[in-house]
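Take a look at the structure below.
The values are calculated or read from the model by the stated rules, or taken from the named source; none is laboratory data. In this text, all values refer to a predicted model and were calculated from it rather than measured experimentally. Cβ coordinates were reconstructed from backbone atoms using ideal geometry, including for glycine residues, and neighbour counts include every protein chain displayed.
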């Protein structure tokens, strides 16, 4: 090409120069914009790095706190991998299960060292070294990531021992209450038997009287034997035998039991028989004992020459036995606690007689209540459901 071909017209040069200038300006502006974006991104990156650094520091602090917590926690904590191998254990877990617990199979440890107990949430653990028996509670939960599991171990040995000691104390208290109740039940028939036995010390005693007193004393001793037998049945957890009995015969037997004591104290006992048979389902000896308790309390609250009335009345489908005395009566405070176990106003009393009566009436489907006016006397009532004579068998 000849040099003449390179010659451009001025207008063409001016247009090319303008294009070059515009391109340079656009490049400068793009570069400046890129610089601003770089500055902005650098600032944002610094902010993000700061947030990440703070988050890392917070997680590191949380990790340290969790580590301290696990090390100080009295409960054992273990982590199991997907195969059930122990990969982590805090000091409490290592103390309970041994320092070599990490790396062992948790399933094999449970099979070798743990056994069931009557308590569903408690297991018996036997240490391999000292053969010490401890009672542990296990709680296992899944960790979604990686199929791992967490095991929480609570050592409840001291709590279990306290519960066992409390149960022993409760059994001893129940035995003491039972013994006191038995003593209270035995007191009146025993006193009656002793009274009859005292007649044999008379210098002159007719043979007929001797036979009569011996028979009455034998009746009371048989009654004592029956009471002891019922108590032994109670101790063995056997239910007392219930039968359909005319309420009149129970009242007559109770009157026969306490009458010598009433005569000795010169307290008149009046019994009004309705003359119509009413059947109740009770245990004979227990029911007679309850009636004796009420009559004996009325006698002890009475003075010589006063009266105690034993009444029987019908109320729809039940009968009500009332023991009415003219004795010292009771205050409202005493009346509110009358049926509480071991509450008594007499120095020689056990406070179990009326509590036993209340429990018996509840078993028989009845109830017992009391009314009293200080200085005027008291009324105690027993209500029992009447049964259909056809159900006597």
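Scanning the range 149-173 for residues that are within 19 Å of residue 120 (Cβ to Cβ) and part of a strand (DSSP E or B) returns 151, 152, 153, 154, 155.
Let's see how each residue does on (1) in the same structural domain as residue 137 (by TED's automatic domain parsing); (2) in contact with a strand residue (DSSP E or B) (Cβ under 7 Å, 6 or more places away or on another chain); (3) modelled with pLDDT of 85 or more:
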residue: 16; (1), (2), (3): no, no, no
residue: 20; (1), (2), (3): no, no, no
residue: 33; (1), (2), (3): no, no, yes
residue: 37; (1), (2), (3): no, no, yes
residue: 60; (1), (2), (3): no, no, no
residue: 78; (1), (2), (3): yes, yes, yes
residue: 104; (1), (2), (3): yes, yes, yes
residue: 109; (1), (2), (3): yes, no, yes
residue: 115; (1), (2), (3): yes, yes, yes
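For residue 361, the stated conditions hold: it is closer than 23 Å to residue 255 by Cβ, touching a strand residue (DSSP E or B) at 6+ places or on another chain (Cβ under 9 Å) and at pLDDT below 90. Is there a residue being in contact (Cβ under 8 Å) with a residue 24 or more places away in the chain, part of a strand (DSSP E or B) and more than 21 Å from residue 264 (Cβ to Cβ) anywhere in the range 352-367? Scanning the range 352-367, I find no residue that is in contact (Cβ under 8 Å) with a residue 24 or more places away in the chain, part of a strand (DSSP E or B) and more than 21 Å from residue 264 (Cβ to Cβ), so the answer is no.
How many of the residues making up the range 285-301 are over 13 Å from residue 356 (Cβ atoms) and in contact (Cβ under 8 Å) with a residue 60 or more places away in the chain? Steps first, answer last, please.
Going residue by residue through the range 285-301, those that are over 13 Å from residue 356 (Cβ atoms) are 295, 298-301.
In the following step, the residues that additionally are in contact (Cβ under 8 Å) with a residue 60 or more places away in the chain were identified as 298, 301.
So the answer is 2.
Can you tell me which of (1) closer than 20 Å to residue 142 by Cα; (2) without any contact (Cβ under 8 Å) to a residue 60 or more places away in the chain; (3) buried (at least 17 other Cβ atoms within 10 Å of the Cβ) is the one residue 96 doesn't meet? Here residue 96 clears every test but (1).
Here residue 376 fulfils each of the conditions (1) modelled with pLDDT under 80; (2) surrounded by fewer than 20 Cβ atoms within 10 Å (Cβ to Cβ) apart from (1).
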